[in-house]
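One structure below.
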Number of protein chains: 2
Amino acid sequence: MADNNSLNALIEGLRRLPGVGVKSASRMAFHLLQHDRAGAQVLAQALQQASTQIRHCARCHTFTESEICQTCLDPSRDASKLCVVETPADQAAVERTSAYRGLYFVLMGKLSPLDGIGPNDIGLAKLFDRATSGLVQEVILATNFTAEGEATAHVIAEALKARGLKVTRLARGVPAGSELEYVDLGTIAHAMVDRR
Amino acid sequence: MADNNSLNALIEGLRRLPGVGVKSASRMAFHLLQHDRAGAQVLAQALQQASTQIRHCARCHTFTESEICQTCLDPSRDASKLCVVETPADQAAVERTSAYRGLYFVLMGKLSPLDGIGPNDIGLAKLFDRATSGLVQEVILATNFTAEGEATAHVIAEALKARGLKVTRLARGVPAGSELEYVDLGTIAHAMVDRR
C-alpha cells in the first residue's frame, strides 16, 4: 500500500489510540473504508468536536463543555462531602450506585513517579485548596485499589489529615455475590482485619 | 457523564470501530482528551481525508486514491498472472515476500452466506471478465485458508476452470521454521497428501 497516502495516514492515526497496534489499525481502517464510511465521518466529527469543545470543570476537573459541570452546579448535592476519584469513568461508576450525593474531585490521573506524573499533574494543590475552603467536612478517597491508586490515596490522606480534615477511604473487603473459596487471599486478609 | 454530549458522541463514534466496546471506547476517549488532543485532531483529519479520497481501483478493486492503482499501472508487472486475495492487507503480505511480480485482484471480502455476502459483493463478475479477457494465463488463488476463504477459492476455481483457464492455489503445508511436534494434525495431513 506504498502509494496510498490517505490510507497510511489513517492507519497511523488509528495507532494513536491506546492498545491499537499496526494490525488492529489496518483492520479498523479496512472495516471503516469497506463497510462503514458513514461511521468514519461520524467518528471524525466527534473527534473534532470533542477535542475542541471539551475542557475541565473549574471546580472538580472532570470533562465538561461548560465552565462548571452539571454535577458541581447541582444545588441538591451535599457540599460537605468531597469524593476523590481518578477518572470521569470512576466518577460515573460511583454515580451509578446512587449511594453518594456529595460532590467530586476528579484527579484525571494518579501519582505515578515512573511515568513522571507528580502532584502537579493531578491538581493536588487545587484539591487541597478546595478541601480546606471551609465547606468540606469529609473527603472520601475513592482512587483505585491498585498500587498507584493506593499510593495516591495515601499522599492525599496524609496531607489532608495534617490540615485537620476528616479523611475516609472506600471500604476494602469481599465483593458482593462472591464465594470465599474463590476470593484472593489478600482480599480475605483485608476483610478480616477490617471486620465490623 | 449525562450532560456531556461531545464526550458521549466521541465514545459512540469510537464504538463504531471493530472490536471496540463501551469500556475500550471510554478508555480511548479519556486517553485522547487527557493526554493526546493533537492525536485526536490528527485522527479526525485522517478519517475525513481517507473516507472522501479513497476509492477502489477500477481494475483490481484495491484501495487507491487514483482511478487505477500504482500496482496495476506498473509496466514491469507480468500481466499474464493474476493473484486473487481477500483484502489489501493480504495483498501487502504477498508483496512483502517479493516472490510474485504479477497483477492482483482484491475481492475486498469473502463469500459468506451467513453474513449475506454473495458473489456480487466481492465483484466476481468483474474478476471473471478480467480473467477471460485474453491477457491472463494463470489465476493464483491466495484467499485465506479459513472455511470461508477455502469456499471462496473453490467457487472461483470451478467457474474459471469451466472457462478453460489455468487456476492454481497457494500451497498448503508445514510453515517455515516450525517443528513437526507442534504443528496441528490437519496441516501435517495436508502436507503429507501434497508431498513432492
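The values are calculated or read from the model by the stated rules, or taken from the named source; none is laboratory data. Just so we're clear, the structure is a prediction, and the values are computed from it rather than from any experiment. Quick reminder, even Gly has a Cβ in these numbers, built from the backbone with ideal geometry, and neighbours come from all protein chains shown. In case anyone asks, the SASA skips ligands and DNA or RNA and just uses the protein heavy atoms, side chains included. Shrake-Rupley method; radii C 1.70, N 1.55, O 1.52, S 1.80 Å.
Points worth noting:
- Checking the stated criteria, A:Ala93 turns out not to satisfy the condition of being open to solvent by 70 Å² or more (accessible area, probe 1.4 Å) and under 18 Å from the mean Cα position of the chain (by Cα).
- When B:Val94 is tested against (1) within 12 Å of B:Ala142 (Cα to Cα); (2) part of a loop (DSSP other than H, G, I, E, B), exactly one condition is not met: (2).
- Here the range A:69-88 is the region considered, the condition is being crowded, with 16+ Cβ neighbours inside 10 Å and within 12 Å of chain B (Cβ to nearest Cβ), and the residue that is nearest to A:Ala151 (Cα to Cα) is A:Glu86.
- Residue match in the range A:154-163 (condition: assigned to a loop (DSSP other than H, G, I, E, B), in the same structural domain as A:Gln91 (by the TED database) and of a type in the set (D, E, K, R)): yes
- In the range B:166-186, the residues that are closer than 16 Å to B:Glu150 by Cβ, part of a loop (DSSP other than H, G, I, E, B) and either open to solvent by less than 80 Å² (accessible area, probe 1.4 Å) or not acidic (Asp, Glu) (or both): B:Leu170, B:Ala171, B:Arg172, B:Gly173
- Any hit, the range B:101-113, residues being surrounded by fewer than 15 Cβ atoms within 10 Å (Cβ to Cβ), away from chain A (no Cβ under 11 Å) and in a helix (DSSP H, G or I): yes
- Matching residues, the range B:140-151, being among the β-branched types (Val, Ile, Thr) and either part of a loop (DSSP other than H, G, I, E, B) or touching a helix residue (DSSP H, G or I) at 6+ places or on another chain (Cβ under 7 Å) (or both): B:Thr143, B:Thr146
- Some residue of the range A:117-134 being of a type outside the set (Val, Ile, Thr), part of a loop (DSSP other than H, G, I, E, B) and touching a His at 6+ places or on another chain (Cβ under 6 Å): yes
- Residues in the range B:125-139 that are in contact with a helix residue (DSSP H, G or I) (Cβ under 9 Å, 6 or more places away or on another chain) and within 18 Å of B:Pro88 (Cβ to Cβ): B:Leu127 only.
- So B:Gly116, is it farther than 23 Å from A:Ser26 by Cα and surrounded by fewer than 17 Cβ atoms within 10 Å (Cβ to Cβ): yes
- Members of the range A:142-161 found to be surrounded by 19 or more Cβ atoms within 10 Å (Cβ to Cβ) and of a type in the set (Asp, Glu), listed by number: none
- Hits in the range A:119-141 - residues which are over 13 Å from A:Gly164 (Cβ atoms) and surrounded by 15 or more Cβ atoms within 10 Å (Cβ to Cβ): A:Pro119, A:Asp121, A:Ile122, A:Gly123, A:Leu124, A:Lys126, A:Leu127, A:Arg130, A:Ile140, A:Leu141
- Which listed residue, of A:Ala89, A:Ala79, is assigned to a strand (DSSP E or B), of a type in the set (A, V, I, L, M, F, W, C) and modelled with pLDDT under 95: A:Ala79
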